[in-house]
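**Q** The structure that follows is given in the form of structure tokens.
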Amino acid sequence: MPSPQHTLLKQFLVASAAPLARRRPSLPTMRLAVEMMAFGQFMPWDIFLEEADVEGMAAEWIRRPAPPLAG
Amino acid sequence: MDSAAGAPAGRVILYLHGGGYVLGSLNTHRALVGSLAQRCGVAALAINYRKAPEYPFPAALEDALTAYYWLLERGHVPADIIVAGDSAGGGLALALLLALRDAGEPLPAAAVGLSPWTDLKLPAGTLRSICQEESLLLEALEIRSWGPLYAADTPLNHPLISPGRAELHGLPPLLIQISNAEVLGDDVRRFADQARAAGTPVTLQVFDGLVHWWHLFWRFVPEAATALDRVADFTRQVWETEEAAPAVRQAA
């Protein structure tokens, strides 16, 4: 049995279907919408980001901070 | 320390985000990957691979391979790498294993697929009555067009596009999570059965009644947090086995 939180999420998604189908958003619009949804996310506590360049491709290290060096 | 990236040269999760090969980025999955890194207690490398239709197959797979080799060049051994991804990223993670296997390259320790997209043909039974509500949303998003956008001139049943159509022998342990009420459920179960029949160790975890991409909502959907905890359990188990293996070989 899914949790109430999941039921709420599902209701939101289902309610989004009809307006989406009517509007038929373009791919750039969908990309923008997904990016904007990401603004509401927050990193877990004690996790840090570091940009990386993987042969010209944007990437990120996502990790806990390294422990302090002994001595 | 890995001086180039500042991350410790050790165990790492190479994460490939989902989004149907056409959407998604580092931004959209940052919190999910962060939660995974925290629970697994290791660093994660997330990459922004190229998306269709601007960059069709095999661009995304080439980028995943580039990231894997990049990790190897920086001192990570294959046994210290677990490849993971959700939805299309999960399918891409499986395609990465297949490409490495076929090239005779060293394979990572394991792979994790969170509701992986294993068959881009989306067979007729895929958008089915059990998940009719979700199907409405996905049809509204025209998900059926995303596979062909990625595949472009390559057939959708190409094994590196649809890993469910590949020979699945000789792969490292796989953890596959799926919901019994999501559109990809049947395809993923079929994939797991085929992989097991081919001798690949598969841990299939089926969740009840959840929508596709539920992992993204880990902060407020408890089932998602549970699923990520199970991923962490799996990664620990894989790496403990890796640690024990040399000792067992020595004892033998």
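**Q** In percent, what relative contact order does the range B:12-251 have, based on Cα pairs under 8 Å that are 6 or more apart in sequence?
**A** It comes to 21 percent, rounded to a whole number.
**Q** Normalising by the residue count of the range A:4-63, find the relative contact order in percent from Cα pairs under 8 Å and 6+ residues apart.
**A** 18
**Q** How many Å² of accessible area per residue for the range B:192-248, probe 1.4 Å?
**A** For the range B:192-248, the solvent-accessible area averages 47 Å² per residue.
**Q** At 7 Å along Cα-to-Cβ for each site, give me the label-to-label distance between B:Glu167 and B:Asp208 in nm.
**A** Distance between the two pseudo-spin positions: 4.1 nm.
**Q** Using protein chains only (no ligands, no nucleic acids) and a 1.4 Å probe, work out which residues of the range A:22-37 have their accessible area cut by at least 30 Å² relative to the chain alone.
**A** Buried by the other chains: A:Arg24, A:Leu27, A:Met30, A:Arg31, A:Val34, A:Glu35.
**Q** Counting only GluC sites (Glu not before Pro) that sit in a DSSP loop (anything but H, G, I, E, B) with at most 15 other Cβ atoms within 10 Å, what is the longest stretch of chain B containing none of them?
**A** B:55-166
**Q** Order the following by accessible area, largest value first: A:Arg31, B:Arg189. Probe radius 1.4 Å; ligands, DNA and RNA are ignored.
**A** B:Arg189, A:Arg31
**Q** Okay, moving on. Rounded to the nearest 100 Å², what is the sum over both chains of accessible area buried where A meets B, with a probe of 1.4 Å?
**A** 4300
**Q** When the accessible area of chain B is computed with all protein chains present and a 1.4 Å probe, what percentage of it is carbon and sulfur?
**A** Answer for chain B: carbon and sulfur cover 53 percent of the accessible area.
**Q** Top mean-square fluctuation among B:Phe217, B:Phe234, B:Phe57, Gaussian network model of chain B, C-alpha springs under 10 Å?
**A** B:Phe217
**Q** Given points 7 Å out from each Cα along the Cα-Cβ axis, report the A:Arg64 to B:Gln237 separation in nanometres with one decimal.
**A** Going from the A:Arg64 label point to the B:Gln237 one covers 2.2 nm.
**Q** What nm value, rounded to one decimal, do you get for the distance between B:Asp193 and A:Leu8 when each label is placed 7 Å out toward the C-beta?
**A** Distance between the two pseudo-spin positions: 3.8 nm.
The values are calculated or read from the model by the stated rules, or taken from the named source; none is laboratory data. Source: prediction; values computed, not measured. Because the Cβ atoms are built from the backbone with ideal geometry, glycine has one as well, and the counts that use them run over all protein chains shown. Accessible surface areas use protein heavy atoms only, side chains included; no ligands, DNA or RNA. Shrake-Rupley method; radii C 1.70, N 1.55, O 1.52, S 1.80 Å.
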